[in-house]
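The values are calculated or read from the model by the stated rules, or taken from the named source; none is laboratory data. Not measured: the values here are computed from a predicted model. Every residue, glycine as well, gets a Cβ built from its backbone with ideal geometry; the counts of neighbours run over all protein chains shown.
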């Protein structure tokens, strides 16, 4: 099992991503990075908070990084989109 | 001028909050904390990124904190809402 796992948060229900994160942590990953862009950023924070508060009190946030990505829209325009990476580690 | 200022991000256009943050930084605040809850969290990240990348390259993110607040809904139910605090400092 990879030491570090990644969960990409999109537009599905938040519990999908909570389950994915719990699965990674229970299958041996010592660190899980929750990644999201744009409007999904709020959901990524929800995922981290629900995993910590409701399921795994021994998991802590070790780092949070925000950044900007340049994406090409369907019309070919360059659009800036914010990104977040929330690092969860088992203590 | 207070050393530390706070900008609460809600549902207005993102540039409203970018302007508020720039104003605080230009009027002497050495640190601005951008705060948001729920769906406005994505917008708070946008605000921090736009301030840093487009207007004030000498401003850095010094800390990011996420947490959960318990709010009472209109029906009197207790609802958990995620929160974020993004700390910007002038270098």
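Evaluated against (1) at the interface with chain A (Cβ under 10 Å from one of its Cβ atoms); (2) surrounded by fewer than 18 Cβ atoms within 10 Å (Cβ to Cβ); (3) in a strand (DSSP E or B), residue B:89 falls short on exactly one condition, (1).
Kindly provide the set of residues from segment B:70-83 that are in a strand (DSSP E or B) and either touching a residue at least 60 places away in the same chain (Cβ under 8 Å) or out of contact with any helix residue (DSSP H, G or I) (no Cβ under 8 Å at 6 or more places or on another chain) (or both), ordered by number.
Taking segment B:70-83 first, the residues in a strand (DSSP E or B) are B:70-72, B:78-83.
Matches in segment B:70-83: B:70, B:71, B:72, B:78, B:79, B:81.
Kindly indicate whether any position in segment B:21-33 is at the interface with another protein chain (Cβ under 10 Å from one of its Cβ atoms) and closer than 27 Å to residue A:50 by Cα.
Step one: of segment B:21-33, the residues at the interface with another protein chain (Cβ under 10 Å from one of its Cβ atoms) are none.
So far as segment B:21-33 goes, no, none of its residues is at the interface with another protein chain (Cβ under 10 Å from one of its Cβ atoms) and closer than 27 Å to residue A:50 by Cα.
Taking the criterion of being within 14 Å of another protein chain (Cβ to nearest Cβ) and either within 30 Å of residue A:54 (Cβ to Cβ) or over 13 Å from the mean Cα position of the chain (by Cα) (or both), would at least one residue in segment B:3-10 satisfy it?
Here is the first cut: in segment B:3-10, the ones within 14 Å of another protein chain (Cβ to nearest Cβ) are B:9-10.
Restricting the remaining residues to those that are either within 30 Å of residue A:54 (Cβ to Cβ) or over 13 Å from the mean Cα position of the chain (by Cα) (or both) gives B:9-10.
Among the residues of segment B:3-10, at least one is within 14 Å of another protein chain (Cβ to nearest Cβ) and either within 30 Å of residue A:54 (Cβ to Cβ) or over 13 Å from the mean Cα position of the chain (by Cα) (or both), which makes the answer yes.
Just one of the listed residues (B:51, B:33, B:61) is at pLDDT 95 or above, under 21 Å from residue A:83 (Cβ atoms) and not in a strand (DSSP E or B), and it is B:51. Criterion applied to B:63, B:67 was being out of contact with any helix residue (DSSP H, G or I) (no Cβ under 9 Å at 6 or more places or on another chain), within 13 Å of chain A (Cβ to nearest Cβ) and farther than 18 Å from residue B:12 by Cβ, and the one residue passing it is B:63. Count of segment B:48-60 residues, restricted to those that are facing another protein chain (nearest Cβ under 9 Å) and in contact with a strand residue (DSSP E or B) (Cβ under 7 Å, 6 or more places away or on another chain), is 4.
Would you point out which residue out of A:21, A:68 is at pLDDT 95 or above and more than 20 Å from residue B:43 (Cβ to Cβ)?
Details: A:68 fails: more than 20 Å from residue B:43 (Cβ to Cβ).
From the options A:21, A:68, the qualifying one is A:21.
Checking each residue in segment A:36-48 for being in contact (Cβ under 8 Å) with a residue 24 or more places away in the chain and assigned to a helix (DSSP H, G or I) picks out A:40, A:41, A:43, A:44, A:45, A:46, A:47, A:48. Restricted to segment B:1-30, and to residues there that are part of a loop (DSSP other than H, G, I, E, B) and in contact with a strand residue (DSSP E or B) (Cβ under 8 Å, 6 or more places away or on another chain), the residue that is surrounded by the most Cβ atoms within 10 Å (Cβ to Cβ) is B:9. Among residues of segment B:70-86 being over 18 Å from residue A:66 (Cβ atoms) and surrounded by 11 or more Cβ atoms within 10 Å (Cβ to Cβ), the one that is farthest from the other protein chains (Cβ to nearest Cβ) is B:71.
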